[in-house]
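Inspection log for the structure reproduced underneath, given as structure tokens.
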Amino acid sequence: MAGFEYLSTIPTVEADKFSTSAVCFDASEELLWAANASGFVGSYHSLQLLRYSSRYIQNSFIKQLLSINRGILSLSGEELKLVNRGGSIDFTIRDESSLYYMQCMCLNPNHDKTYISGENNLLTQVDLRSAKITKQASTECSNAVLRYSNKSGYVCCGTTTGKVTLHDPSTLQCINAIDAHSGSISDIDVSDNFLVTCGFSTRHSHLNCDRFLMMYDLRSMRALNPIQVHFDPTLLKFMPNYTSRLAVVSHTGQFQICEPGVPLTPSSLIVQQIESTGYPLAFDVSPSAQVFAFGDSEGYLHVWTNREDAMMNNFGQPTEFAADENRLPYLDINDPFVRLSTVPMDYTYDSSGRLLSDWSNELTEVKDRRLAPIDPKILESMKMNNFIGYAPAPVNYKRNQMPYTIRATNANELDDNIMDNNESDEEQDALSEYYGEIPKRYHRVAMKYSKLGLEDFNFESYNRTNFAGLETDIPNAYCNSMLQVLYFLRPMCIGLQNHSCDKEPCFACELGFLFRMLDYSKGQPCQANNFLRAFRAIPEAAGLGLILPDTEEAYKNANLAHLIQSWHLFVLQQLSRDTYKKDDKSEATDNDGAWFLKLYESKLEIITKCGCENKDVRTSSTLLYTLTYPSKSSQPNKDKQANSNEIETHSFCSVLLSSMSKTQNVFAWCERCQKYQPSTQTRLVKNLPDILAINCQVDNEEGIHFWKYQDMVAVWNNRKVTQEGDSAEEVPRRHWLPNKIQAQIVDDELVMNTIDSKKETEPEDESNIYYLFANICQIKNDYVGGNLIAHVRVGPEYHELKEGVRHTTWYLINDFSITPIPPVDSSSFSLDWQIPCILYFIKASVFQNFEGGVHLRDDPQIILADKSLNKNPEISTSSFVTPLEEDLPGKGDLVGLDTEFVSLNQDEAEIHSDGTRSTIKPSQMSVARISVIYGSGPKRGTAFIDDYISTSEQIYSGSNHSLLPTFSPQVVDYLTEFSGIRPGDLDPMVSTKYLTTLKASYRKLLCLIDRGVIFVGHGLRKDFRVINIKVPNEQVIDTVEIYHLERQRYLSLRFLAWYFLNRNIQTETHDSIEDAVTALDLYDKYTNTIKMGNFRQKLIACYETGRKCNWKAPTTT
């Protein structure tokens, strides 16, 4: 049989929302049927896949489709339906007492009966002629698959316990049972007297997919030789017209045709790959055995054929199509001689003889449709050629399209009079979301794991920009939104990347490392692993309740709004301590870290006045302000809405001003009275920082109502001003939270006011203007869980860095999901589900005051310095040589790199009723050893870095960080067989290895990156991910990618070393230095073979050898 080739791929209905759950070829006509998880069933005619019929027939997940002469049987969890080929339903069978949790069915074509089973431990027989349940019998366990054997007359049930039970079709009683797998059955099929199964077995307390298909002879109930395949099989089908030829499919989209008892040939070993971002859920073979159909989890239908003139049925019946309706004669719109009277039209007159559509002049007003405003980021990047402007299209715009959004509002939320028909389309869309349901982009996002981990997870569907998001599968990732806000503050980003110290742990260093990764990444998400590890090592964080247990329940029960505001204050205080290096005898400079205080610190004067007129004046400072609200707010009612001047309102600036310069009554110590007395305390702001960081503290219903009401009044007042004279083009929608404020200190008094966006002239003094830069919001969602998001105004500096174009855009950042949004979304909140937590206002001049760039970390002393943690005097450094400064590799020099890992926790997974295993949370790996060797010169192959990394949490006692840390071991599995790491190697008290901190080794790697070296290794992508570092692609040579054929498996380092280098490595355990040397030798072999021009031929021969020896290098004694 000729090999199968890809033909086409089409999406099913609502492919972006629902997976394709079942596919089936019609047994009589040239039709292919498909169903999805929403209850939709559709058919496609011929190999052109023309839509023939479609209909929603059920309200739940469709489990299976079967073709019979009368139509298609559709099975869901609660009912069975027969659909004819035109799409109408012939009958429905539903019985709540017996038909529930159904999973599978099979057909007895000789007696027009079908058998149904599932998780209800029942086997049910249905008569298709009478459409009634005729018989039932109990089963020992749940069934996942049913097949009927025409030859032997058995109903074969594949169970979730790994058995295949054989039932008599007349009595439905179990006659025999076959123990096929120790786990669960994934799929079975029957042809003639042969039964084949694929499934799962338990190995090392985990369910793993069997690489062998189990085959049985139903006549003698004897097991035949298992069939080995080259991937994990999950679906299989006997090919019609062939007794024993099988098509086998894996959950990763690979499929292969195999035939038991036939000698293996190169063509029979070919494994083909379905091009899909999802994984196959359904598979079927056409009755002609010429067409394969696959349905995947992304809602797509893939078709493969083995010939150009392939047919679904060799002797199929003709398909009946709908009769062509009588069409009207063609009329050319450009023909001036066509009479409009030839177009038939019904006329309906009233008594005056006019058409009903003829509105009187007093009821109509002719207006041109107003064009949507041009996006400012397009105007900023526009270049003029004569009188025509040209600009690159932003990533969120469709070509040649300008959308006009129809507004949908909720009348219960706001009076209809407030709605303005003259708003721009962007504002209408924002208002619709403001008073409507939670938009999908605000929902909590979660990463889905497969056998390949996250390699096949489609992050691009969540983020189509070049900015990097942050992953969510690590503990305490609730702070991701705040980390992004700090990153997009360019002065903060540059200052922390230039910060360097030896302190352990140091917030500033770890944030600088994280921001460097975000700078280097082009759209791919990053992890904040190392930063959060340093965060957990600070005892004050635990004391403040900022560290959450690593459980989903703890996250759902946490008050995220209160948590992120506490975290905000804590991290600013910690950064202030970590960056400020001034001693008592010198003035602070920018190099000493005073740049951080210039950004955030406000000097305060606290005046406490007693009733005896005694005053106590003290100085203080703060890094952020917390909003305090009036104790009672005016309640809205219809009478007051008639005259808004009677409503007591508070502007945002008045609330912020009273929160910054506030007066309160306190009990304080009076030196004159010599006792605690009722006193008046006044706080005066002496200077304003470049950044106003504000905690909103909307943590109760009163605060939520205050924001909601003030915003409603602001929108209403803006509407009134518009009606009184200003046109809609000149007055954009204005919410309570302003986009721009003016703040200054005049005569020791803080003055603040909102800058009206209606005014064309801006204040002359830009140094007192603060722009809304970002906000953090809590999203309340009872269905998918709450989360924190950020609205950030990303400036031209970042767009130029990532895209090469300077413009400013607002983005919604929801962990690894990043979406451009209209500016109005940044200042409008639906308080029913969106609670403001943190606000950031910045001066426009802040970016001009910090124009410096990021410094290179190429100081050789970073590598040469001794940062050992060992307390054992018997430390051994024989595995590496201490390098000299002149021997360190530079730009373009090759170095070999390899790492070893240990596991900090076990992975979390769930096993479904059909036996499939899905990962909920993977095991957390930590780097335990980093080895770097010279790649050229006389010292080639010699290690100059061989660091063992302490994986213990370091907790300091007291506030003196010079004290020795105490270590709390965290490793649950040393993975000695694969890592070579043994218990004790990572303990500073007993280890004989060169043990150091992750930060010290991390800085060495950063130094090598900035020196421009090229890293050579095997599987470096995983190494860098676990180390939590980004390396430019031009500085990475990965042998796992070099020695790889398209759509084939990746080869192990041990197998490549055996085949190309004739070398046996990793015989007992792994050694990172040995692996790094091997990777360098493989790269040298590659370059030499490329020069000879026969590398691809040798690689193909390597794959052929690997298939013969099952990809394992022969062991030698």
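Here, each number is a calculation from the coordinates, and none is a lab measurement. Computed from a predicted structure; not experimentally measured. Reconstructed Cβ throughout: ideal geometry from the backbone, glycine too, with neighbour counts over all protein chains shown.
Summing charges over all other residues whose Cβ lies under 13 Å from the Cβ of Thr1069, with Lys and Arg as +1 and Asp and Glu as -1, gives -4. Look at where the Cα atoms of region 50-126 and of region 798-839 average out, and the two centres are 47 Å apart.
Among 376-387, 1102-1113, sorting by the average number of other beta carbon atoms lying within 10 angstrom of each residue, highest first, gives 1102-1113, 376-387. Residues of region 1-36 falling in the label zone of Phe61, defined by backbone nitrogen less than 12 Å from a point 7 Å along Cα to beta-carbon, are 19-22. Using a 7 Å offset from Cα along Cα-Cβ at Ser936, what residues in region 1015-1046 end up with backbone N under 17 Å from the label point? Backbone N within reach: 1015-1017, 1034-1038.
What FRET efficiency, computed as 1/(1 + (r/R0)^6) with R0 = 45 Å and r the Cβ-Cβ distance, is obtained for Lys383 and Gln48, rounded to the nearest 0.05?
Details: r = 45 Å, r/R0 = 1.01.
The calculated FRET efficiency here is 0.50.
Within region 90-204, the ratio Rg/Rh, alpha carbon atoms throughout and Rh by Kirkwood, equals 0.97. Label-to-label distance for Glu460 and Glu259 is 3.9 nm, based on points extended 7 Å past Cα in the beta-carbon direction. Taking a sphere under 15 Å around the Cβ of Phe570 and counting the other residues whose Cβ falls inside, with K and R at +1 and D and E at -1, yields a net charge of -1. For Asp127 and Ala323, a Förster radius of 41 Å and the Cβ-Cβ distance give a FRET efficiency of 0.75, rounded to the nearest 0.05.
Mind checking the full-extension length gain between Arg672 and Thr134? Use 0.36 nm per residue of separation minus the Cα-Cα distance, one decimal, nm.
Details: separation 538, 0.36 × 538 = 193.68 nm, distance 9.90 nm.
Net length gain for the segment: 183.8 nm.
Taking Lys and Arg as +1 and Asp and Glu as -1, the other residues whose beta-carbon sits under 14 Å from that of Tyr216 total +1.
Given a Förster distance of 30 angstrom, what is the FRET efficiency for Leu801 paired with Leu904, based on the Cβ-Cβ distance and rounded to 0.05? Intermediate results must be reported in sequence, preceding the final value.
Numbers: r = 34 Å, r/R0 = 1.13.
Efficiency computed from Cβ-Cβ geometry: 0.30.
Annotation: extensible slack from Val617 through Lys871 equals 86.3 nm (criterion: 0.36 nm per residue apart, minus Cα-Cα distance).
The base-10 log of I(q)/I(0) for region 5-305, evaluated at q = 0.08, 0.10, 0.11, 0.15 Å⁻¹, reads -0.32, -0.51, -0.63, -1.25 [Debye formula, identical scatterers on Cα atoms, solvent excluded].
When the Cα atoms of region 494-572 are enclosed in a convex hull and the volume is divided per residue, what value in Å³ results? Please report the intermediate quantities before stating the final value.
On the way: hull volume 9.2 nm³, N = 79.
Residue-normalised Cα hull volume stands at 117 Å³.
Sites listed here are GluC sites (Glu not before Pro) in region 13-68 whose DSSP assignment is loop and whose Cβ has at most 16 other Cβ atoms within 10 Å: Glu14. You can think of it this way: the chain between Thr649 and Arg1063 has 141.0 nm of extra reach, that is 0.36 nm per residue less the Cα-Cα gap. Each residue, Arg1025 and Asn559, gets one label point 7 Å from its Cα in the Cβ direction; the gap between the two is 3.8 nm.
Between Asn241 and Ser631, the simple spin-label model (points 7 angstrom out along Cα→Cβ) gives 8.9 nm. Legend: ranking of residues Asp296, Asp973, Asp1071, Asp748 from fewest to most surrounding C-beta atoms inside 10 Å; resulting order Asp748, Asp973, Asp1071, Asp296.
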